[in-house]
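The values are calculated or read from the model by the stated rules, or taken from the named source; none is laboratory data. Please read all numbers here as calculations on a predicted model, not as lab measurements. Counting neighbours? That spans all protein chains shown, and the Cβs are built from the backbone with ideal geometry, glycine included. Note: accessible area is taken over every heavy atom of the protein model, side chains too, but ligands, DNA and RNA are not part of it. Shrake-Rupley method; radii C 1.70, N 1.55, O 1.52, S 1.80 Å.
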Amino acid sequence: MSVYRVIDVIGTSSSSWEEAAAVAIKTAKGSLRDIRVAEVTQQDVVMGDGGELVYRTRLQLSFKYESE
């Protein structure tokens, strides 16, 4: 039997939603182990302070709890 936790993360990129998702997953992997699924739940674009576009991708990540 397994138990999983689901969390929300948001990645940002100046070039694409795909890169924003990859940044979020790569960063989360630095502190989470055994990430199983990443589901895109929202995408948007915001205007940065200098007028540049910032792509944001919100993901739900699921990872497995370690068992003894």
Of all accessible heavy-atom area on the stretch 4-64, the percent that carbon and sulfur account for (1.4 Å): 49
Separation in nanometres of the label points that stand 7 Å from Cα toward Cβ, at residue 47 and residue 35: 3.1
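Could you compute the net charge surrounding residue 55? Neighbours are other residues with a C-beta less than 14 Å from the C-beta of residue 55; K and R count +1, D and E count -1.
It works out to a net charge of -2.
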Sequence-separation-based contact order of the chain, relative, with Cα cut under 8 Å and 6+ spacing, percent: 45
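Based on DSSP H runs of at least 4 residues, each adding -39500 (n - 2.57), what is the mean residue ellipticity at 222 nm of the chain after dividing by all its residues, to the nearest 500 deg cm²/dmol?
Values: 1 runs with 13 residues, N = 68.
Result for the chain, helices only: -6000 deg cm²/dmol.
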For peptides 22-30, 37-45, sequence by mean Cβ density within 10 Å, most packed first: 22-30, 37-45
The chain: chymotrypsin sites (Phe, Trp or Tyr not before Pro) in DSSP loop, at most 11 other beta carbons within 10 Å: 65
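What accessible area per residue comes out for the chain, rounded to a whole number of Å², with a 1.4 Å probe? Walk me through the intermediate numbers first.
Numbers: 5030 Å² over 68 residues.
Normalised by residue count, the accessible surface of the chain is 74 Å².
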Separation of the residue 7 and residue 60 label points, Cα + 7 Å toward Cβ, nm: 1.6
